[in-house]
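The structure appears right after this line, and notes come after that.
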Amino acid sequence: MSITIIQAVLIGLWTAFCFSGMLLGLYTNRCIVLSLGVGVILGDIQTALAVGAISELAYMGFGVGAGGTVPPNPIGPGIFGTLMAITTVASKDKITPEAALALSTPIAVGIQFLQTATYTAFAGAPEAAKKALRVGNFHKFRIAANGTIWAFAGLGFILGLIGALSMETLTNLFALIPPVLLNGLTLAGKMLPAIGFAMILSVMAKKELIPYILLGYVLAVYFGLPVLTPTSNGDGVLTSVTANSVLGVPTIGVALIATIFALIDIFRKPAAAGARPQPEGDEQDDWI
């Protein structure tokens with residue numbers, strides 16, 4: 001699949017919006033959001049969501065930076081990984097979502113270095129904005145206050161545009177990868193979500209939650225809870241939804257049961273204690 005100039009520009013604009021949106025308090029710089037936009041632009045939402053979903057599982061854990069570590073940037077799988085999977089979907093050397101996740105991880109690490117460099121370059125922007133505000137220079141204040149946002153938007157546009165325009169070259173390089181190595185990358189991509197969840201558990205897990213963790217594992221492995229799988233025809237039109245326990249981990253069933261236990265735990269907690277009543281008598285200062 002070839003990408004037109006208009007599609008490349010749209011992907012660049014979408015990347016710019018998502019990358020700078022995180023500074024505006026928007027939850028846009030996530031794998032599933034980035035992938036969805038690329039799928040809409042290229043007309044293959046199904047493949048895009050498949051890449052975004054498996055990448056989101058892994059990057060939920062990668063986003064937990066322990067200490068001073070910096071996690072990979074979601075633009076790697078969200079944009080580059082999705083482009084890899086969509087542009088090769090009709091070729092004999094098709095890149096699966098799992099392989100796309102593994103192949104895009106080094107790109108994600110490199111993009112994170114660019115993000116850190118951008119933060120470093122604009123480290124003095126808050127102080128410059130304060131100084132401009134003190135002297136009443138509102139034009140300089142707006143530039144200093146919004147400079148980081150525009151810098152991230154420009155960097156995101158360049159990354160998205162380069163990724164879209166260079167995908168044909170990357171596709172030709174991917175065709176040179178031996179099938180054995182590509183299968184290994186696919187297996188590595190399947191392991192990344194497990195690593196992501198392990199990183200989350202290493203930070204958030206408490207001894208009180210261990211029974212629920214074991215329960216989720218038992219339900220997923222031994223009970224085979226059903227997975228809702230959509231079925232479509234050749235034109236991409238949804239025809240039916242079937243339940244099975246073969247195609248992957250039964251995420252939906254486990255999530256529903258986990259929601260039930262979460263609600264039970266919330267409802268069992270006592271109501272938050274209100275403000276303590278003030279003692280009667282005259283008010284006195286502490287120093288008297």
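Criterion first (of a type outside the set (Gly, Ala, Ser), assigned to a helix (DSSP H, G or I) and closer than 25 Å to SER91 by Cα) does ILE162 satisfy it? Quick ask: steps written out before the conclusion?
On the way: of a type outside the set (Gly, Ala, Ser): yes; assigned to a helix (DSSP H, G or I): yes; closer than 25 Å to SER91 by Cα: yes.
Yes, satisfied.
GLY184 satisfies every condition listed in (1) open to solvent by 60 Å² or more (accessible area, probe 1.4 Å); (2) modelled with pLDDT under 75 except (1).
Regarding the stretch 63-73, can at least one residue be identified that is modelled with pLDDT of 75 or more, over 17 Å from the mean Cα position of the chain (by Cα) and crowded, with 22+ Cβ neighbours inside 10 Å? Can you show your working first?
First pass over the stretch 63-73, keeping only residues modelled with pLDDT of 75 or more: 72-73.
Those left that are additionally over 17 Å from the mean Cα position of the chain (by Cα): none.
No, the conditions are met nowhere in the stretch 63-73.
Only one of GLY248, GLY234 is more than 23 Å from ALA58 (Cα to Cα), at pLDDT below 70 and in a loop (DSSP other than H, G, I, E, B). Can you tell me which? It would help to see each step written out before you state the result.
Numbers: GLY248 fails: more than 23 Å from ALA58 (Cα to Cα).
Only one candidate passes the filter, namely GLY234.
Scan the stretch 127-167 for residues that are open to solvent by less than 90 Å² (accessible area, probe 1.4 Å), without any contact (Cβ under 8 Å) to a residue 12 or more places away in the chain and under 23 Å from LEU26 (Cβ atoms) and the total you get is 1. Residues in the stretch 2-54 that are open to solvent by 50 Å² or more (accessible area, probe 1.4 Å) and touching an Asp or Glu at 6+ places or on another chain (Cβ under 8 Å): SER2, ILE32.
Applying a threshold of 7 Å to beta carbon distances and a minimum spacing of six or more residues, or different chains, the list of pairs starting in the stretch 8-34 at a residue that is farther than 23 Å from ALA100 by Cα and ending at one that is crowded, with 22+ Cβ neighbours inside 10 Å and of a type outside the set (A, V, I, L, M, F, W, C) reads SER20/GLY156; GLY21/ASN29; MET22/ASN29.
The values are calculated or read from the model by the stated rules, or taken from the named source; none is laboratory data. Please read these numbers as outputs of a predicted model, since none were measured by experiment. Methodologically, a virtual Cβ is constructed for each residue, glycine included, from the backbone with ideal geometry; neighbour enumeration extends over all protein chains shown. Only protein heavy atoms, including side chains, enter the accessible area calculation; ligands, DNA and RNA are left aside. Shrake-Rupley method; radii C 1.70, N 1.55, O 1.52, S 1.80 Å.
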